[in-house]
Amino acid sequence: MFQLPVVAAAALAEYPLNPEVQQQVVLMSAARAKKEAVQKVDEGDYTTASQLLQTARKQVLAAPASPLMEQEAIALIDLDRDLQRRQVQQFRKMSHYQSHSISRSFSQSTYHDYQVQRSQRYRGQNLPDDLRGRIEVIQGDITKQRVDAIVNATDNYLSGSGGVDAAIHRAAGSELKKECEQIHRCETGEAKITRGYNLPARWVIHTVGPVWQGGHQGEDQILAQCYRNCLMLAEQYSIKTIAFPAISTGLRGFPSDWASRIACSQVKIFLQRNSAIEKVVFVCFEQRDFDCYLNSV
Ligand code: AR6
């Protein structure tokens, strides 16, 4: 017979949460949210349907990370996108299919498997030969990096006013501000280059990331463009080593997990096609970003 010990509520609260159980609860609740969203769509209430999907997505992202949870977050974003575009037939079909595929996929991928994969990834074993040793993920301060160039996440006026932008300007000194004033402007998604002055890095590549507006305003494409343009500029200047911060994930509000996937895929594609850049370092200031990059790289 299966017996459970009786414990006081306070003691129960101190028991560690089981990540697999947490994930399963979140997935079941996401499946319910999809069913309710379909009902709301049938009633013509698109706003509530979209809110249900967005809440479910937030819960998925807050749960312990795994490839399956990532897949679920993407599925919820896709559904919401269909909904926003009023592709109701497609939405209904996908929502139905997803609800049925969840239990199957969950049994195929466990939190334990994921931890093993993750530690392998951390050692870089999952990178193909042509990328091995060319991508690093570290937690630290980008202004301290001894690389040829560091990337700055700035605004359209290269103002140096907050976040990583202010940190870079502080470390580089006032000459950087003067050079930025001469450039005058950088469009969102574009990149401009200046010298690094007092920084250990010789160059600073400034780019302007998108402001997150819910994911339906082309934010993904603009963020991808930032990475591509920085790398193209680096290549033009014969830069061999370059460090990126997690562009747009601070004041601009881009979800870190999603941003890291875009960053990693763009860098991988670029490095596979261009051998001139030897190394890209993702410098994560916060633990949250570091974890996201380890999952994405
Ligand atoms: N080293 C590495 N990463 C850092 C550092 C550092 N020293 N400091 C912060 N970060 P944000 P955005 C991380 O807000 O979202 C400014 O006002 C931070 O934890 O700097 O692209 C500009 O002037 C986060 O993960 O940039 C723009 O107006 C990441 O850098 C606006 O912010 C990006 O956060 C740009 O917003």
Residue identified as within 13 Å of the ligand (Cβ to nearest atom), in the same structural domain as Ser275 (by TED's automatic domain parsing) and open to solvent by less than 60 Å² (accessible area, probe 1.4 Å) among Asp148, Asp165
Asp165
Of the numbered conditions (1) assigned to a loop (DSSP other than H, G, I, E, B); (2) under 27 Å from Arg85 (Cβ atoms), Gln221 satisfies every one except a single condition; which is it?
(1)
In segment 131-177, what residues are over 20 Å from Val267 (Cβ atoms) and out of contact with any helix residue (DSSP H, G or I) (no Cβ under 9 Å at 6 or more places or on another chain)?
Asn156, Gly162, Gly163, Asp165, Ala166, Gly173, Ser174, Glu175
Does segment 243-260 contain any residue that is within 16 Å of the ligand (Cβ to nearest atom), buried (at least 17 other Cβ atoms within 10 Å of the Cβ) and among the β-branched types (Val, Ile, Thr)?
yes
Looking at segment 181-218, which of its residues are touching a strand residue (DSSP E or B) at 6+ places or on another chain (Cβ under 8 Å) and part of a helix (DSSP H, G or I)?
Ile183
Options Glu36, Glu20, Glu14; residue that is modelled with pLDDT under 90 and either surrounded by 10 or more Cβ atoms within 10 Å (Cβ to Cβ) or closer than 19 Å to Ile74 by Cβ (or both):
Glu20
So for segment 221-240 (the condition being in the same structural domain as Asp129 (by TED's automatic domain parsing), within 14 Å of the ligand (Cβ to nearest atom) and under 13 Å from Ala149 (Cα atoms)), does at least one residue qualify?
yes
With (1) within 13 Å of the ligand (Cβ to nearest atom); (2) in contact with a Pro (Cβ under 9 Å, 6 or more places away or on another chain); (3) over 25 Å from Asp130 (Cα atoms) as the list, and Ala201 as the residue in question, which single condition is left unmet?
(2)
Considering segment 263-294 alone, what residues qualify as being open to solvent by less than 20 Å² (accessible area, probe 1.4 Å) and either on the phi > 0 side of the Ramachandran plot or of a type in the set (A, V, I, L, M) (or both)?
Ala263, Val267, Leu271, Ile277, Val280, Val281, Val283, Leu294
State all residues of segment 223-237 that are of a type in the set (A, V, I, L, M), buried (at least 19 other Cβ atoms within 10 Å of the Cβ) and in contact with a strand residue (DSSP E or B) (Cβ under 9 Å, 6 or more places away or on another chain); if no residue qualifies, say none.
Leu231, Leu233, Ala234
Residue pairs meeting the criteria (Cβ under 7 Å; at least 6 apart or on separate chains; first over 11 Å from Thr154 (Cα atoms), in segment 177-190; second open to solvent by 70 Å² or more (accessible area, probe 1.4 Å))
Glu179/Arg195
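The values are calculated or read from the model by the stated rules, or taken from the named source; none is laboratory data. As the structure is a prediction and not an experimental result, all values here were calculated from the model. So basically every Cβ, Gly included, is an ideal-geometry build from the backbone, and we count neighbours across all protein chains shown. Each accessible area value is taken on the protein alone, full model and side chains, heavy atoms only, with ligands, DNA and RNA left out. Shrake-Rupley method; radii C 1.70, N 1.55, O 1.52, S 1.80 Å.
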